[in-house]
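Here is the structure we will look at, set down as structure tokens.
The values are calculated or read from the model by the stated rules, or taken from the named source; none is laboratory data. Model, not experiment: these values are computed from the prediction. Heads up, the Cβs are rebuilt from the backbone with ideal geometry, glycines too, and the neighbour counts pull from every protein chain shown.
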Ligand code: SF4
Ligand code: SF4
């Protein structure tokens, strides 16, 4: 598989499945056969994943990326052996970190739910092509990743303002909005990837979608209370 296909979610899924280390091998930078240069993307994904790992208490040395060509079998063996030795020294996931395995899996699971959001927030940086290795550490700083988790956004539909026009429901990319004719629409927070589309497309005359920063959205309105009662027009 091309290293450019490696998604942030693959790395955290490996840790969630109990892997003690994750190794990614890609072609040499600037030697990609395709114009996509996916290996630069793989590098950025790894740099971002390491910051996220640090945020949740996983030693970032448990993740490694190396670049080599198909003709460099010796190099491949050498870097894999070196990484395996390093991971063996670190021990099972959670041991050197001093975190109970269940707690660690819980943290990985929480982070995994936020991966689409993390990618949206960092999409420009993920598209970078870093040519100077001294820039690697600077692409994602620990402070900005810690702040990202502190200021996670949620979107909430205000039942008092929603007029059931369904614009948001039609535009949501992951079918996270429930609603029907004359029914207040609600967001399923478990499905929502926090793309902000509903916030942008709700007509300004309704302004029903609210962006909430750093705290969870209120619980959705129960189904039996979602009917919209249109105000009767007053006689002139
Ligand atoms: S923020 Fe995006 S994913 Fe979430 S409900 Fe709105 S449109 Fe759907
Ligand atoms: S676009 Fe706004 S008014 Fe229309 S259904 Fe969605 S939240 Fe309600």
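Scanning the range 123-160 for residues that are under 30 Å from residue 186 (Cα atoms) and assigned to a loop (DSSP other than H, G, I, E, B) yields 151, 152, 158, 159, 160.
Against the list (1) modelled with pLDDT under 95; (2) buried (at least 16 other Cβ atoms within 10 Å of the Cβ); (3) within 30 Å of residue 37 (Cβ to Cβ), the condition residue 139 fails is (1).
Considered as a group, the residues in the range 191-203 that are under 24 Å from residue 227 (Cβ atoms) and surrounded by fewer than 14 Cβ atoms within 10 Å (Cβ to Cβ) include one that is farthest from ligand 2 (Cβ to nearest atom), and that residue is 191.
For the range 161-198, filtering for residues that are near ligand 1 (Cβ under 7 Å from one of its atoms) and either more than 25 Å from residue 118 (Cα to Cα) or not in a loop (DSSP other than H, G, I, E, B) (or both) leaves 6.
Just so you know, in the range 50-91 the residues that are exposed (fewer than 13 other Cβ atoms within 10 Å of the Cβ) and not in a helix (DSSP H, G or I) include one that is modelled with the highest pLDDT, and it is 91. Residue-level analysis places residue 58 outside the set of residues that are in contact with a strand residue (DSSP E or B) (Cβ under 8 Å, 6 or more places away or on another chain) and touching a residue at least 12 places away in the same chain (Cβ under 8 Å). Taken over the range 94-122, residues that are farther than 13 Å from residue 12 by Cα and assigned to a loop (DSSP other than H, G, I, E, B) amount to 8. Examine the range 173-190 for a residue that is surrounded by 16 or more Cβ atoms within 10 Å (Cβ to Cβ) and within 16 Å of the chain's Cα centre (by Cα), and state whether such a residue exists. Yes, the range 173-190 contains a residue that is surrounded by 16 or more Cβ atoms within 10 Å (Cβ to Cβ) and within 16 Å of the chain's Cα centre (by Cα).
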